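Right, one structure below, let's go through it.
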Amino acid sequence: HAKEHRRGSTTFFSQEHEDAIRAERAVEAALRVADLAAEMEMHYQPILDTRSGAIALVEGLARWTSPTLGRVSPDRFIAAAERCGMIHTVTLLLLHKALGDCARLPPAVGLSFNLSAHDLASPETVIAILAAVRLSGLDPRRLTLELTETALMRDFEQAKDAIITLRALGIKVALDDFGTGYSSLGYVHRLPLDKIKIDRSFMADIDTDLGCSLISTIIDLCQNLGLDGIAEGIETADQLDAAQRHGCRYVQGYLLGKPMPIVDLLQKLDRDAEVERLHA
Ligand code: C2E
Ligand code: MG
Ligand code: MG
Ligand code: MG
């Protein structure tokens, strides 16, 4: 039997690998026949300004419910869309939804939107993003685009040019998941960025001496570069306390608010405004 041959050899590992590949192929297949506009929606997670305690902006996080596969995580379907050559379509569809939702938010609340590593490398996509923003009528200064280190490392010069173009229009640029890449420190000062999002793995280690000093080092780095630091993955009061103590201005995480549909976000903003009025 096939199984007998596999046992004890490296092909045992490769069985798991095969299963993983099959699962990813299933995501690709479902994506190809998906009614993207109907099956995908955006959720929004608050990012708080620690100085005011108010929601400064929200991060849009894509959600896909496939009729055949059920909920598929964005990490997986974005990667699948990249492999299928569908990422341009998916990015623009999600951006369109997010810009529409953003028009319903108070002007003081900004929108942070994730780009895939492939988006910046495609001049057509960058142009289409700019056109979508212009068409939406949104003040570009309310928009932040989040890029990962992989996006930048694909083609550094091209990414840099795209960032310069976006920023010239007032759009802000954030480096997402900072500290998880392999050469973050090597180039971060060579890019015209506005914000750095400190990966949540650093928050998870905050109760260790090393974790604590790493966080304070990264926050100092942000300050020295004149960039806003955003601590991701704040789940406990201790983590929030540590981020604030080290001078991190913006915070995001389950403790402060989970990703939620636009209607829930609007209700939350109404409630916050009500509390504000009562305290005034
Ligand atoms: P990301 O941009 O780093 O987003 C943060 C992820 O951390 C989100 O996962 C969010 O739900 C989760 N998160 C937030 N606070 C906490 C916390 O306190 N604890 C923990 N454990 N997790 C927290 P999600 O929504 O599953 O998204 C995963 C990744 O998928 C995102 O990472 C982003 O890289 C990608 N993604 C999501 N939406 C989009 C999109 O619209 N376009 C693109 N290109 N990528 C997207
Ligand atoms: Mg992000
Ligand atoms: Mg992140
Ligand atoms: Mg991430």
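Data overview
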read-out	value
Conditions (1) out of contact with any Phe, Trp or Tyr (no Cβ under 8 Å at 6 or more places or on another chain); (2) of a type in the set (D, E, K, R); (3) in a strand (DSSP E or B): number failed by ASP75	(3)
Of all residues in the range 57-80 being within 16 Å of ligand 4 (Cβ to nearest atom) and basic (Lys, Arg), the one that is nearest to ALA103 (Cα to Cα)	ARG63
Qualifying residue in the range 128-136 (condition: assigned to a helix (DSSP H, G or I) and within 27 Å of SER52 (Cβ to Cβ))	yes
Any chance PRO106 is touching a helix residue (DSSP H, G or I) at 6+ places or on another chain (Cβ under 9 Å) and without any contact (Cβ under 8 Å) to a residue 40 or more places away in the chain	no
Hits in the range 181-202 (condition: modelled with pLDDT under 90 and either in contact with a Cys (Cβ under 6 Å, 6 or more places away or on another chain) or within 16 Å of ligand 4 (Cβ to nearest atom) (or both))	GLY181, TYR182, SER184
Pair list, Cβ < 6 Å and 6+ apart or interchain, from the range 197-225 residues that are touching a residue at least 24 places away in the same chain (Cβ under 8 Å) to residues that are basic (Lys, Arg) and in a helix (DSSP H, G or I)	none
Any hit, the range 75-94, residues being under 16 Å from the mean Cα position of the chain (by Cα), of a type in the set (Gly, Ala, Ser), more than 15 Å from ARG32 (Cα to Cα) and within 11 Å of ligand 1 (Cβ to nearest atom)	no
Residues of the range 137-152 satisfying the condition of being assigned to a helix (DSSP H, G or I) and of a type outside the set (Gly, Ala, Ser)	PRO140, ARG141, ARG142, GLU149, THR150, LEU152
Evaluation of LEU105 against (1) more than 30 Å from ILE21 (Cα to Cα); (2) part of a helix (DSSP H, G or I); (3) modelled with pLDDT of 95 or more (one fails), failing number	(2)
The one condition in (1) out of contact with any Asp or Glu (no Cβ under 8 Å at 6 or more places or on another chain); (2) surrounded by 14 or more Cβ atoms within 10 Å (Cβ to Cβ); (3) farther than 20 Å from VAL173 by Cβ that LEU99 fails to fulfil	(3)
Some residue of the range 244-258 being surrounded by 12 or more Cβ atoms within 10 Å (Cβ to Cβ), of a type in the set (Gly, Ala, Ser) and modelled with pLDDT of 95 or more	yes
Residue selected from the range 244-272 under the condition more than 26 Å from CYS102 (Cβ to Cβ) and assigned to a helix (DSSP H, G or I), by the criterion nearest to ligand 2 (Cβ to nearest atom)	GLN244
Inter-residue pairs, beta-carbon under 6 Å, first without any contact (Cβ under 8 Å) to a residue 60 or more places away in the chain and in the range 245-267, second of a type in the set (Gly, Ala, Ser) and in a loop (DSSP other than H, G, I, E, B), 6+ apart	GLY253/GLY233
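The values are calculated or read from the model by the stated rules, or taken from the named source; none is laboratory data. These figures come from a predicted structure and were not determined experimentally. Cβ coordinates were reconstructed from backbone atoms using ideal geometry, including for glycine residues, and neighbour counts include every protein chain displayed.
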